[in-house]
Amino acid sequence: MKIIIIGAGPAGEAAAKYAAKQNAEVLLVEEEKLGGLCLNRGCIPSKSLLSYGRKLHGIKSSTTFNPLVNLKSGVLTDCFWQEAHAQKEQVVESLRAGVAQSLKLSKVQTVYGRAEFISPQELKISEPLDPKKIRTESFDRCIIAAGSQIYFPPPFDAWQKQLLDSDRILSLRSIPRELLIVGAGAVGCEFACLYNELGSQVSLVELTSQILPGEDEYVSSALKTIFEKRGIKIRTGTTVQNLNYKDGRWQLVLSSHEEILADQVLVCIGRKANCENLNLAQAQVRKTAKGIEVHPQKLQTSNPNIYAAGDVNGISL
């Protein structure tokens, strides 16, 4: 049996290795880098940077002077911040190499390119550097594990190339003096904590009545108290009505009619299923507003030979 898996994130990697163990012929197609969102632009790099935030907090809380830190302003010197980024890249590259080796040992064939369905049991793969180079592959079964992408609702959609998101902020080399974070979920709160330690004046804007929406109210309240003691400004039950970029700064108008200026704006409102470029109609695979429609237990799509796992089916988004 030939199985093609689209996407080499956690879902795709696990499916590929399991299928190979069952003696299936497995072709794993990845458009960018092995490891998916979590390894390359999510949990791993963010936790690596956060570890430096914890170190800095410990230094600032101690009575021992460290020459790398300007204790008065709380801003890291360039060498300390560059070290944090270098460590982050080292961790990510090391783990990515581990994923590649693990797939190789499992006898999974990995191909880099963009996959697109051309029939219910056939797809084409175009090379990322040369889209004109196309190969066609048929399959007995296919698993779509293409993940998710950043969601920019209005009014942010008109500025999405200029705004920070949870991907771009991981490569931000300079520390903004003022950082406004839209969305106080887990991701927004993580970056609020980190950049507050780095010396930025951080503001959190959240649509719902509490930070960490959906979590226990006691936990949310306790974290809010900690954040406010650290100088993080929190505005709940609030949305951004309008924004504009002028003279090197962002000008934002909130639903409370308050106007805020910020050097950088980070949008952490959420993610959406990454299924727009798969040409699902050719595969007779139905999708909804949340993602690819699947059987809740089997993860089988409307095409019985195709399955959708991970963020792309929208169940966990």
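From the residues in the stretch 138-153 that are assigned to a loop (DSSP other than H, G, I, E, B) and closer than 21 Å to G314 by Cα, which one is most open to solvent (accessible area, probe 1.4 Å)? Across the stretch 138-153, the extreme among qualifying residues is Y151.
Scan the stretch 214-231 and give yes if some residue there is touching a helix residue (DSSP H, G or I) at 6+ places or on another chain (Cβ under 6 Å) and crowded, with 20+ Cβ neighbours inside 10 Å, otherwise no. For the stretch 214-231, residues touching a helix residue (DSSP H, G or I) at 6+ places or on another chain (Cβ under 6 Å) and crowded, with 20+ Cβ neighbours inside 10 Å: absent.
In the stretch 262-317, which residues are open to solvent by 50 Å² or more (accessible area, probe 1.4 Å), among the charged types (D, E, K, R) and closer than 30 Å to E178 by Cβ? Residues satisfying the conditions are R271, K272. Taken over the stretch 115-133, the residue count meeting the criterion of being touching a Ser or Thr at 6+ places or on another chain (Cβ under 8 Å), open to solvent by 30 Å² or more (accessible area, probe 1.4 Å) and in contact (Cβ under 8 Å) with a residue 40 or more places away in the chain is 3.
Residue count for the stretch 259-289, restricted to those that are within 17 Å of the chain's Cα centre (by Cα), more than 28 Å from V202 (Cβ to Cβ) and not aliphatic (A, V, I, L, M): 2.
From the list G199, G237, which one is outside any helix (DSSP H, G or I) and modelled with pLDDT under 95?
The unique qualifying residue is G199.
Scanning the stretch 249-261 for residues that are of a type outside the set (S, T, Y) and open to solvent by 40 Å² or more (accessible area, probe 1.4 Å) yields R249, Q251, V253, H257, E258, E259, L261. Pairing each residue of the stretch 97-111 that is in contact (Cβ under 8 Å) with a residue 12 or more places away in the chain with any residue that is open to solvent by 40 Å² or more (accessible area, probe 1.4 Å), provided the two are 6+ apart or on different chains, yields C-beta distances under 6 Å for L103/T110; S106/K17. Within this structure, I44 fails the test of being within 30 Å of I118 (Cα to Cα) and either of a type in the set (V, I, T) or open to solvent by 10 Å² or more (accessible area, probe 1.4 Å) (or both). Look at the stretch 194-219: where a residue is on the phi > 0 side of the Ramachandran plot and a partner is open to solvent by less than 20 Å² (accessible area, probe 1.4 Å) and assigned to a loop (DSSP other than H, G, I, E, B), sitting 6+ places away or on another chain with Cβ atoms under 8 Å, you get G199/G74; L212/A184.
The values are calculated or read from the model by the stated rules, or taken from the named source; none is laboratory data. Because the structure is predicted, anything quoted here is derived from the model rather than measured. Cβ atoms come from the backbone with ideal geometry, glycine included; neighbour counts cover every protein chain shown. Keep in mind that these areas ignore ligands, DNA and RNA; they rest on the heavy atoms of the full protein, side chains included. Shrake-Rupley method; radii C 1.70, N 1.55, O 1.52, S 1.80 Å.
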